[in-house]
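Any read-out appearing in this document is the output of simple, stated calculations on the displayed coordinates, not a laboratory observation. Remember, predicted model here, so these are calculated numbers, not experimental data. Note that each Cβ is placed from the backbone with ideal geometry, even for glycine, and that neighbours are counted across all protein chains shown.
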Amino acid sequence: MTTSPARDVELASDLVVHAARLVRAVRRELELPAIVRIVSLLDEHGPVGISRLAELDRCSQPTMSSAVAQLVDRGWATKAPNPDDARGSVVTLTDAGRAELARIRRLNGERVAALVADHPDLDNEDLATAVAVLRGVLQKGSTS
């Protein structure tokens, strides 16, 4: 099946919109703290400075400093002086933070699996296809 470039762009836009809506809906239903986003960024990028973390999250440095303080209070991250820059610090995910992220990802998976199971026109093959598409797009995007 061949589609036009305009239709491809429209479908790709729909993919982004619906993926974002799904993530927001699951987060709302599970009532997850906003700082979970930062735990996920630390998992993806490894230890980073607060300024870089703020840049990755597209927030201000003071906002990120506050969020990091919450992570440290919960035991999900540590904050240590940056050996390369005495003015900065490095934030690192802890084992407790990794465990919390694994728990949250499991809850997310359970919720999405339930949504698929409750949909009369979807099955696990559809879910597997959606995962393959998103994984493929993200892997291709990270190598270019």
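Points worth noting:
- Any hit, region 32-51, residues being farther than 25 Å from D95 by Cα and out of contact with any Phe, Trp or Tyr (no Cβ under 7 Å at 6 or more places or on another chain): no
- Considering only residues in region 36-78 that are touching a strand residue (DSSP E or B) at 6+ places or on another chain (Cβ under 9 Å) and in a loop (DSSP other than H, G, I, E, B), the one that is farthest from I104 (Cα to Cα) turns out to be P47.
- Picking from residues in region 81-96 that are in a strand (DSSP E or B) and of a type in the set (A, V, I, L, M, F, W, C), the one that is surrounded by the fewest Cβ atoms within 10 Å (Cβ to Cβ) is A86.
- Residue-level check: of (1) in contact with a helix residue (DSSP H, G or I) (Cβ under 7 Å, 6 or more places away or on another chain); (2) touching a residue at least 24 places away in the same chain (Cβ under 8 Å); (3) among the small types (G, A, S); (4) surrounded by fewer than 16 Cβ atoms within 10 Å (Cβ to Cβ), A67 misses just (4).
- For V90, the criteria (1) under 25 Å from L138 (Cα atoms); (2) in contact (Cβ under 8 Å) with a residue 40 or more places away in the chain hold in every case but one, which is (1).
- Selection within region 1-17 - of a type outside the set (D, E), exposed (fewer than 12 other Cβ atoms within 10 Å of the Cβ) and assigned to a helix (DSSP H, G or I): P5, A6, R7, V9, L11, A12, S13, V16, V17
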